[in-house]
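Okay, so here's the structure we're looking at.
The values are calculated or read from the model by the stated rules, or taken from the named source; none is laboratory data. What you see is a predicted model; the values in this text were computed from it and never measured. Neighbour counts are summed over all protein chains in view; Cβ atoms, including those assigned to glycine, are modelled from backbone coordinates with ideal geometry. Just the protein is used for accessible areas: all its heavy atoms, side chains included, with ligands, DNA and RNA removed. Shrake-Rupley method; radii C 1.70, N 1.55, O 1.52, S 1.80 Å.
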Amino acid sequence: MNILRFSDLCAQGKARGQRVFIRADLNVPQDDAGRITEDTRIRASVPCIRMALEAGAAVMVTSHLGRPTEGEFKPEDSLAPVAQRLAELLGREVPLVANWVDGVQVAPGQVVLLENCRLNVGEKKNKEDLARKLAALCDIYVNDAFGTAHRAEGTTYGIAQFAPVACAGPLLSAEIDALTKALAQPQRPLAAIVAGSKVSTKLTILQSLESKVDQLIVGGGIANTFMLAAGLPIGKSLAEPDLLGEARAVMDAMKARGAEVPIPTDVVVAKTFAADAPATVKSARDVAEDDLILDIGPETAARLAAQLKTAGTIVWNGPVGVFEFDAFANGTRTLAQAIAESPAFSIAGGGDTLAAIAKYGIEAQVGYISTGGGAFLEVLEGKQLPAFEILERRAQAAA
C-alpha cells in the first residue's frame, strides 16, 4: 500500500515548525466516576505525539470518546481524563481545548488535546464545510487511529481530502504493514481462525478468506453450523440452520483448491451454559439431543495445534470455545499456545481474541496485535477502508 508516512516526513525535517493535526484513538473505557479503567489506546498513541514534538511541530491531537450527540456537550463526553493521563505519560502539560474548529493556538514544541471530535456538528456525516475548516487548522494531517479507519468521518476522511499533506502515523503504518504481510503477501501455508457465535456476522469474512487461505479453522457457534453442514449432530447448541448452504459452499470452495475447513472430531459438551456445568468430552458423532457444545475436544485441539505450528502465517479472530469458563477453555488455550510457539507470522484482532491473548499471557509471542475491532474485521472481509483509500489517493497525487 503506497501511503505517505509521518515518520518519513519527520526524518526529512518536514515537520519542523509545522502545525500537525493527529487523529488518535483515545476512546478508552471509564467507570461511573469518569476514571479511566484501561489505558492501552492512550499509551499506544504516545509514540506518534512524541515523534511530532521531537520533530519540532506544533501538535494538535483529537479523538472521539463514546457516542456523544453532536453540538450538545455533556461532562461525561469530555476528554479531560484523557488529557490528564496523556500529560502523565508525556511528562508535560497537555491543555484541553474546547470549541476549537475555528482556530487553535499552539506553538512549535507544544501539544494540545482538542475536545471530543464527535461533538462537532457534521463529524459523523463528514460534512464538507467542517472538513475544510479542520484542514485549515494544519499543515500536516496524521491519521494514527486504525480503530476508526473503517469510518469516513470528518477527522478520519474529510480532513485528509483537504489538508496540505495527509499521512499515516506509526500506529496506522504498523497496522497496514502487518495486514499486508498477513493477507497480501503471506508466507504459506496461510491459516485463519475465524470464531464467534454466528456465521451470519462472519459470513463475508469466511467467503473472503475461502479463496486466500490454506486452512480455515472455524470455532464457537460458527463451528456448530459447519458441523451441522457436515452431517454431524449438535444437540441444542447455538447454530444457524438456515446458513447450511453457505457453510457447505465455503467448504466446497476450499476443497476445490486443495485447502480445508477442519471439522471437529471431538467436542466438550454440557447440559447447561454455566461456569460450573459438568463438562464431558465426546466424539463429534455422539452429541446427544440435550447437549450444548461449548468447546472443541482435546483430540481436535491437538490436531489443529500441530497444523498451526507448521503454518507460515496465522490470522486469528475469535476464541474457539467459551474460554471464560475454565472447563471449556482448553481449546482456545491450546491454540493460543500453538500460535505462541509457531514460527509463523501471526496477526490477531477482535475484543474476545485480545482477552484470550491477555488471559494466556502470549502478547509477546503474537507477531502483531491489531488495535481495531471493526476495522480489522472489515479488512478480513476484503473491504477497502476509507482511511486507507484517501491516504493512498493523497500519496498518488503527491507523487
For segment 320-368, how many residues are part of a helix (DSSP H, G or I), small (Gly, Ala, Ser) and under 18 Å from the mean Cα position of the chain (by Cα)?
6
Just to check your reading of the model, which residue among Leu96, Leu65 is crowded, with 20+ Cβ neighbours inside 10 Å and at pLDDT 95 or above?
Leu65
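Okay, residues lined up against (1) buried (at least 24 other Cβ atoms within 10 Å of the Cβ); (2) modelled with pLDDT of 95 or more:
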| site | (1), (2) |
| --- | --- |
| Arg16 | no, yes |
| Phe21 | yes, yes |
| Glu38 | no, no |
| Val46 | no, yes |
When segment 312-330 is checked residue by residue, the ones that are out of contact with any helix residue (DSSP H, G or I) (no Cβ under 7 Å at 6 or more places or on another chain) and either of a type in the set (Ser, Thr, Tyr) or open to solvent by less than 10 Å² (accessible area, probe 1.4 Å) (or both) are Phe328, Ala329
Mind checking whether some residue in segment 296-303 is at pLDDT 95 or above, farther than 20 Å from Asp214 by Cβ and part of a strand (DSSP E or B)?
no
Is one or more of the residues making up segment 208-228 free of Cβ contacts under 8 Å to residues at least 24 places away in the same chain and hydrophobic (A, V, I, L, M, F, W, C)?
yes
Does Val269 meet the test of being modelled with pLDDT of 95 or more, open to solvent by 10 Å² or more (accessible area, probe 1.4 Å), part of a strand (DSSP E or B) and over 30 Å from Leu172 (Cβ atoms)?
no
Scan of segment 354-391 for residues that are over 19 Å from Thr332 (Cβ atoms) and surrounded by fewer than 17 Cβ atoms within 10 Å (Cβ to Cβ), ordered by number:
Gly374, Glu381, Gly382, Lys383, Gln384, Glu389
Give me the pairs: first residue in segment 152-167 and closer than 19 Å to Cys48 by Cα, second residue open to solvent by less than 10 Å² (accessible area, probe 1.4 Å) and acidic (Asp, Glu), beta-carbon distance under 9 Å, and six or more apart or on different chains, which are they?
Thr155/Glu123
Can you find a residue that is open to solvent by 40 Å² or more (accessible area, probe 1.4 Å), modelled with pLDDT of 95 or more and within 21 Å of Ser7 (Cα to Cα) anywhere in segment 108-129?
yes
Pairs under 9 Å by beta carbon, first residue within 17 Å of Phe21 (Cβ to Cβ) and touching a residue at least 60 places away in the same chain (Cβ under 8 Å) in segment 40-55, partner open to solvent by 60 Å² or more (accessible area, probe 1.4 Å) and in a helix (DSSP H, G or I), six or more apart or different chains?
none
